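Have a look at the structure below before the remarks.
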Amino acid sequence: MSGTLNKVMLIGHTGDEVKMHYFEGGNCIGRFPLATNDSYVNKSTGERVTSTEWHNIVVRNKAAEICEKYLKKGDKVYIEGRLKTRKWQDEQGKDRYSTEIQCTDFTFLTPKTEGQQAEIVADKQPVSNKPMVDNPQSISSSPTEMEEDDLPF
């Protein structure tokens, strides 16, 4: 295989609210920590051990604004993206590194209350150019309306 792949998929809980940073020209980024858990049973003690791994998530522009609006601390979310390591120098001049997940796709997994769901639906714009159907019931047919086939089973 001649190509390379840098892909990360995580399901976890947010550790804090989304922190936004705005730039000249209207661009912005949002950052938040995501916790994933791993658990196993210690064979020598029989005790269940849970370890938490923290990930630094970075989202950009419109995706960042959506995350800021709807994600709250503790919400469960699916994140898809790629790894990116940044290097900088601290106050003492030492090189420091930080590995982040550059988010390319996400799905909110925490169920929202009815009021929040209505707000989310009202904010969504049509994604495709398909015409809206006035009466969706006219498309689906009930089992009693289906024709019988000649299959013996």
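The values are calculated or read from the model by the stated rules, or taken from the named source; none is laboratory data. This one's a predicted model, so the numbers in the text were calculated from it and none came from an experiment. Note: ideal-geometry Cβ built from the backbone for every residue, glycine included; neighbour counts use all protein chains shown.
Details
- Tallying residues that are assigned to a loop (DSSP other than H, G, I, E, B) and out of contact with any Gly (no Cβ under 7 Å at 6 or more places or on another chain) within the stretch 1-31 yields 15.
- Index of the failed condition, residue 55 passing every other in (1) at pLDDT below 95; (2) surrounded by 11 or more Cβ atoms within 10 Å (Cβ to Cβ): (1)
- If the condition is being over 13 Å from residue 14 (Cβ atoms) and in a strand (DSSP E or B), then the stretch 32-51 contributes 37, 38, 39, 40, 41, 48, 49, 50, 51.
- So residue 37, is it surrounded by fewer than 16 Cβ atoms within 10 Å (Cβ to Cβ), in contact with a Cys (Cβ under 7 Å, 6 or more places away or on another chain) and either within 27 Å of residue 111 (Cβ to Cβ) or of a type in the set (Phe, Trp, Tyr) (or both): no
- Criterion violated by residue 54 - all others in (1) touching a residue at least 24 places away in the same chain (Cβ under 8 Å); (2) touching a Phe, Trp or Tyr at 6+ places or on another chain (Cβ under 8 Å); (3) closer than 15 Å to residue 15 by Cβ; (4) assigned to a strand (DSSP E or B) satisfied: (2)
- Any hit, the stretch 111-128, residues being within 23 Å of residue 15 (Cα to Cα), modelled with pLDDT of 95 or more and either in contact with a Leu (Cβ under 8 Å, 6 or more places away or on another chain) or of a type in the set (A, V, I, L, M) (or both): no
- When each of 82, 86 is tested for being over 13 Å from residue 11 (Cα atoms), at pLDDT below 95, under 23 Å from the mean Cα position of the chain (by Cα) and among the basic types (Lys, Arg), the lone residue that passes is 86.
- Selection within the stretch 53-75 - of a type in the set (Lys, Arg) and within 17 Å of residue 102 (Cβ to Cβ): 60, 62
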